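The values are calculated or read from the model by the stated rules, or taken from the named source; none is laboratory data. What you are looking at is a predicted structure, and each value in this text was computed from that prediction instead of being measured. In this analysis, Cβ positions are derived from the backbone assuming ideal geometry, glycine residues included, and neighbour counts consider all displayed protein chains.
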Amino acid sequence: MNLSNLKPAKGSIKKSKRVGRGQGSGRGGTSTRGHKGAQSRSGYSVKAGFEGGQMPLQRRVPKGGFKNPFRVEYVGINLDKLQELVEKYNLETVSIETLHANKIVKKSDKVKILGRGELKAKVTVKVHAYTTTAKEAIEKVGGTAETI
């Protein structure tokens, strides 16, 4: 075997339809486009979503919703989860870096402390936001709630 006698597999190569090349080709005349109408003309294209005059789907379905582009999404962490962390790792300060190191949040996340559960340890918390109940609970135990 060499390069001079290589051939493609049988049936893998097909000749393209040569349309509009005279009556003798069998595809002359209307060139497989049928008779008259927009679809037989050159330059014809159907608009996206056109359904033959029927009301298109995107106009039949009602509009809905609003996405606020300025919304700030917080990852909520409850006091009981904070207490677990403090007990497990003997922490005096809890910050974004600490939470990221323990795979609770991503580095780019904004964190909000929520008020579920009970905090017993005196701890300094440095995150983006707090609920009023969470802030009171942290300060009640003698800790500090610092906002970044």
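Here are a few things to note about the model shown:
- Residue check for GLY64: touching a helix residue (DSSP H, G or I) at 6+ places or on another chain (Cβ under 8 Å), in a loop (DSSP other than H, G, I, E, B) and not β-branched (Val, Ile, Thr): no
- Qualifying residue in segment 102-112 (condition: surrounded by 10 or more Cβ atoms within 10 Å (Cβ to Cβ) and among the hydroxyl-bearing types (Ser, Thr, Tyr)): no
- Take the conditions (1) modelled with pLDDT of 90 or more; (2) more than 30 Å from the chain's Cα centre (by Cα); (3) surrounded by 15 or more Cβ atoms within 10 Å (Cβ to Cβ); GLN39 misses just one of them, which is (3).
- On inspection, LEU91 fails the criterion of being farther than 30 Å from LYS15 by Cβ, touching a Gly at 6+ places or on another chain (Cβ under 9 Å), of a type in the set (A, V, I, L, M) and assigned to a loop (DSSP other than H, G, I, E, B).
- Filtering segment 101-148 to residues that are within 16 Å of GLY76 (Cβ to Cβ) and assigned to a helix (DSSP H, G or I) leaves THR132, THR133, ALA134, LYS135, ALA137, ILE138.
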